[in-house]
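Novice: Before I ask anything, here is the structure I am working with.
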There are 2 protein chains.
Amino acid sequence: MRLEINREEAMPVYLQMANRIKEQILSGILPEGFVLPPERKMADDHHVSRTTVIKAYEELKSLGLAMSRVGQGTVVTERKLPATNESDPPIFPMSWYPLFDKKTANVSDTVSEIMYIGNQGNMISLAAGIGDPRLYPVDELREIQNERPIDSDHLNLCSVEGYYPLRESIAQLMRFRNLSVTARETMILTGSMQGIDYAARTFLSPGDAVIVEEPTFLQAIQCFRATGARIIGIPMDEGGIRLDILEAQLARYKPKFIYTIPNFHNPTGITMSMERRKGLLKLAYQFQVPILEDDPYGDITFGREKLPPLKALDPYGYVIYLSTLSKVLFPGLRIGWVVAPEPVMKKFMLLKQITDLHVNTDSQILIYRYLRKGLYESQLKKILPIYKKKRDTAINVLGKENGLVHFKRPEGGFYLWCRIPYPVSQKKLLALCADQGIIYTPGTVFFPQESDGEHWLRLNYTYETLERLTEGLNLLIKAIKRLSVQNEPLDEATGVRPIV
Amino acid sequence: MRLEINREEAMPVYLQMANRIKEQILSGILPEGFVLPPERKMADDHHVSRTTVIKAYEELKSLGLAMSRVGQGTVVTERKLPATNESDPPIFPMSWYPLFDKKTANVSDTVSEIMYIGNQGNMISLAAGIGDPRLYPVDELREIQNERPIDSDHLNLCSVEGYYPLRESIAQLMRFRNLSVTARETMILTGSMQGIDYAARTFLSPGDAVIVEEPTFLQAIQCFRATGARIIGIPMDEGGIRLDILEAQLARYKPKFIYTIPNFHNPTGITMSMERRKGLLKLAYQFQVPILEDDPYGDITFGREKLPPLKALDPYGYVIYLSTLSKVLFPGLRIGWVVAPEPVMKKFMLLKQITDLHVNTDSQILIYRYLRKGLYESQLKKILPIYKKKRDTAINVLGKENGLVHFKRPEGGFYLWCRIPYPVSQKKLLALCADQGIIYTPGTVFFPQESDGEHWLRLNYTYETLERLTEGLNLLIKAIKRLSVQNEPLDEATGVRPIV
């Protein structure tokens, strides 16, 4: 038995121990009759004194949750506490799982698990979804805070739609992306993830269908799953979502909307061609299905000319556009936005009122002042050459290993989407990498049907320094080689031989 | 026709005008054949030149949305734009309402409407749900920002559960409220409203029932409605929720949980007695129904001894406890928290991952440093005498008017819950008050069945200065008198005569 004890906590260790065991008893994990570990073993395992364990067990006995049994030790008793009055009915611990709404059972803990492993020690993270923290514009923000120290309006409520001057700044940013909108058509969100969740809640119920690219942003999959809706994945090619397959599925199902990431798609890095954008809109109009356009990476481009967002090509008002400052600036302040037709904006505003009311006022004001100084463009100028160099480095390192992994060079964004053309177990590779001190995101989490991603890896190149990025990729290559020894290649057509 | 034009916007006025009209045409508000207002009238109504209107109308014509018709003027045309190709099928504007999930139709825009009216000009707000912004601890926060200027860790991602040192500080704050919890059992939320929403999403689906006090926090009603669940209201008396009625309803329905505000209840100001707390828990255990305890106002007490939270009286783990810093400190940074049994915490964490990921990191660090200095207690010491004085003032002003309104003196919290014992129309009173420059919250919004609140008013006394509070209440009294002239009193038992 391994209990989580925190010596930094004010609460005494014996009480923490008792609480941990109590939780497990009350939730049914430790059944009646379970023999708790002997005091000495418990003490050794947790690096505490035997006295501490004795006090913990005594605490449990006093609560009526355990008792001493000769020949056995300390044993979990029947899960009811003695009632105050003989005639009082017995009280049972709350049984939570039957009460939970079934839909929430569909949501899995993937993100957390990956983040947890990544936080262990000094691991090299190729799994990050963020940029390089060393590039955050700290000096500029400090200057802004000096110019305008925190004040009561920073601490007060804000409009549900967002701090108006920030909405104006964002509208201006949109014009920089060839999207002509007014502040009035823009609403500030607590990250663009909130926009995906609001869209899910606005449109989806059990029995509904939603179309996504396959693969796609993993948290969008989880979010749509939470509504009980059916997720229909449409494969992609180098031009983006496959319109022929999309058309067939649109004819077959009545999806509530199409979720797409047209620029530097997460995880594939693909940018939807102009032709494909027009074709997608055409299909949307034909089948009268709205589009949820998610654009976090559009400005992270390494030279390629930017294409206009779907929303800019849509005069009929079918597109809901989401974006965020998290990738270009920093993720911690949770600032995103939506641009959508009025009926949708109204729904989002209602949802905002019953979820978190409005986005953090202080941060909105800070970001507004930052954008007003024209610093967004200078931040881009700073980060793009650095990220481009990191991309090039990553490609060189991986490209040296002839055919070990297959990938296409991304023209922007944060990720390399790699395929291992050998029957290598994703689970074993993850474990071996963790052993070697690196973590990446397995492709499985990006597919509605997880097994479809068994041979794919998403590798981030923006987060780590050049040195650690290079080191991490080399360790990854070694790990893949170790696991692929004596394996035949999957694709005979490529003529790739296993590396020995 | 009144269009919203903003001269501060970068976008030219004629284009804004055209966009506003375009929205109305595309969403069906202006049907085919509708004659747009004559250019001169439009120009006069919006204080723009006729040329501007002409340009706006030309824009619409070029989009194929309007045309000139002899004898009529500018007329809305068929709602399709000409297709590029003769053989292309016609494209129709998106019809949003059939796509919207039915559950969201249950949510109404009440909060926004009230806030909107309140933002007009210099109205005296007795409708606020917040404290006095002049009391925000601005100096203390500035000092903290000077000691530790913003840094890259303030801007980076944070744990889903929250910034760990803040969780510890909150756990300590809980001990101050007689609730013994660890940091591990505490999760930071983007306001306690988010906790209500997460609870709703964790437990409720169409067909489920949830129990609330009647009346109760208006946004909780909206939030529960959004799940499609049935809301069962239980009346209260001066001791809190009526246990006899609750027991009958628990036997009749299988509610997923009971939502309660035991301390300085919003809107009634009632604090649940100790006896009632124990009785409520006993019923919860008997029927195995969890309790969602919402405690935003517990520390806003004017002398009365604080009672322990339900959670502190619950060794069986039935209670989910929510609270916030919004009422004691300030609302704009959106910092709340939940303390709940582990299975519930896990669900909340999953929901956090698919909604906004984590609470604003910078604000969590700021608040942690604030709490660590012991400033919460000094803030309380500062605000409590001031709020007590405002309460006393409000009671004096209203109490002078013998029997005009009925209310009980609240022993803490933010509100006076007043009943008008005359058949006065809530709608007329609201309008008359708005005319006079004051706004309050009509009691209707706090009841699942709105009409039950027809004779009730919630009056906030914390937000305004003493002068404005007094002025506002006097204006309210005048308004009530005006409307109640010649009306017989509702309650003959009280022997109250109408004021002439």
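The values are calculated or read from the model by the stated rules, or taken from the named source; none is laboratory data. Since the model is a prediction, treat every value here as computed from it, not as a measurement. All Cβ positions, even for glycine, are placed from backbone atoms using ideal geometry, and neighbour counts span all protein chains on display. Side chains included, ligands, DNA and RNA excluded: accessible areas come from the protein's heavy atoms. Shrake-Rupley method; radii C 1.70, N 1.55, O 1.52, S 1.80 Å.
Novice: Being open to solvent by less than 30 Å² (accessible area, probe 1.4 Å) and part of a strand (DSSP E or B), is that true of even one residue in the stretch B:173-181?
Specialist: No, the stretch B:173-181 contains no residue that is open to solvent by less than 30 Å² (accessible area, probe 1.4 Å) and part of a strand (DSSP E or B).
Novice: Look at the stretch A:91-116 and say how many of its residues are open to solvent by 70 Å² or more (accessible area, probe 1.4 Å) and at pLDDT below 80.
Specialist: Going through the stretch A:91-116 one residue at a time, the tally reaches 2.
Novice: From the list B:Ile21, B:Ile25, pick out the single residue that is open to solvent by less than 70 Å² (accessible area, probe 1.4 Å), within 11 Å of chain A (Cβ to nearest Cβ), under 28 Å from B:Pro98 (Cα atoms) and out of contact with any His (no Cβ under 8 Å at 6 or more places or on another chain).
Specialist: B:Ile25
Novice: From A:Phe407, A:Phe447, which residue is among the aromatic types (Phe, Trp, Tyr) and without any contact (Cβ under 8 Å) to a residue 40 or more places away in the chain?
Specialist: On the way: A:Phe447 fails: without any contact (Cβ under 8 Å) to a residue 40 or more places away in the chain.
After ruling out the rest, the residue left standing is A:Phe407.
Novice: On to the next question. Is the stretch A:165-182 home to any residue that is more than 7 Å from every other protein chain (Cβ to nearest Cβ), within 30 Å of A:Gln449 (Cβ to Cβ) and among the polar types (S, T, N, Q)?
Specialist: Among the residues of the stretch A:165-182, not one is more than 7 Å from every other protein chain (Cβ to nearest Cβ), within 30 Å of A:Gln449 (Cβ to Cβ) and among the polar types (S, T, N, Q), which makes the answer no.
Novice: Among the residues of the stretch A:120-157, count how many are under 18 Å from B:Arg148 (Cβ atoms) and hydroxyl-bearing (Ser, Thr, Tyr).
Specialist: 1
Novice: Another one. If A:Ala220 satisfies all but one of (1) more than 9 Å from chain B (Cβ to nearest Cβ); (2) under 23 Å from B:Phe100 (Cβ atoms); (3) crowded, with 24+ Cβ neighbours inside 10 Å, what's the number of the condition it fails?
Specialist: Failed condition: (1).
Novice: In addition: Only one residue in A:Leu333, A:Leu357 is open to solvent by 10 Å² or more (accessible area, probe 1.4 Å), in a loop (DSSP other than H, G, I, E, B), within 7 Å of chain B (Cβ to nearest Cβ) and within 15 Å of B:Asp356 (Cα to Cα). Which one?
Specialist: Exactly one residue qualifies, and that residue is A:Leu357.
Novice: Turning to a different aspect of this structure: Inspect the stretch B:227-243 for any residue being in contact (Cβ under 8 Å) with a residue 24 or more places away in the chain, more than 27 Å from B:Gln286 (Cβ to Cβ) and either in contact with a helix residue (DSSP H, G or I) (Cβ under 8 Å, 6 or more places away or on another chain) or surrounded by fewer than 24 Cβ atoms within 10 Å (Cβ to Cβ) (or both) and give the result as yes or no.
Specialist: yes
Novice: Go through the residues of the stretch B:45-58 one by one and say whether even a single one is modelled with pLDDT of 85 or more, of a type in the set (D, E, K, R), surrounded by fewer than 17 Cβ atoms within 10 Å (Cβ to Cβ) and out of contact with any helix residue (DSSP H, G or I) (no Cβ under 9 Å at 6 or more places or on another chain).
Specialist: yes
Novice: Return only the number of the condition from (1) over 23 Å from the mean Cα position of the chain (by Cα); (2) under 18 Å from B:Leu189 (Cβ atoms); (3) crowded, with 21+ Cβ neighbours inside 10 Å that B:Ile420 does not satisfy.
Specialist: Result: B:Ile420 passes all but (2).
Novice: Within the stretch A:392-417, can you find the residues that are within 20 Å of A:Asp295 (Cα to Cα) and either open to solvent by 50 Å² or more (accessible area, probe 1.4 Å) or not in a strand (DSSP E or B) (or both)?
Specialist: Residues satisfying the conditions are A:Arg409, A:Pro410, A:Glu411, A:Gly413, A:Phe414.
Novice: Of the conditions (1) closer than 30 Å to B:Asp153 by Cβ; (2) in contact with a strand residue (DSSP E or B) (Cβ under 7 Å, 6 or more places away or on another chain); (3) without any contact (Cβ under 8 Å) to a residue 40 or more places away in the chain, A:Gln364 clears all except one; give me its number.
Specialist: The single condition A:Gln364 does not satisfy is (3).
Novice: Separate question: So is B:Val338 part of a helix (DSSP H, G or I), open to solvent by less than 10 Å² (accessible area, probe 1.4 Å) and in the same structural domain as B:Ala183 (by TED's automatic domain parsing) or not?
Specialist: Against the criterion (part of a helix (DSSP H, G or I), open to solvent by less than 10 Å² (accessible area, probe 1.4 Å) and in the same structural domain as B:Ala183 (by TED's automatic domain parsing)), B:Val338 does not qualify.
Novice: Looking only at the stretch B:280-310, count how many residues are open to solvent by 20 Å² or more (accessible area, probe 1.4 Å) and more than 30 Å from A:Asn156 (Cβ to Cβ). Please lay out each step first, then the result.
Specialist: Within the stretch B:280-310, the subset open to solvent by 20 Å² or more (accessible area, probe 1.4 Å) is B:282, B:285-288, B:301, B:303-308.
Keeping just the survivors that are more than 30 Å from A:Asn156 (Cβ to Cβ) gives B:282, B:285-288, B:305, B:307-308.
Here the count works out to 8.
Residue-by-condition table, conditions (1) modelled with pLDDT of 95 or more; (2) under 17 Å from A:Gly412 (Cβ atoms); (3) within 14 Å of another protein chain (Cβ to nearest Cβ):
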position: A:Phe264; (1), (2), (3): yes, yes, no
position: A:Asp295; (1), (2), (3): yes, yes, no
position: A:Thr301; (1), (2), (3): yes, yes, no
position: A:Val328; (1), (2), (3): yes, yes, yes
position: A:Phe348; (1), (2), (3): yes, no, yes
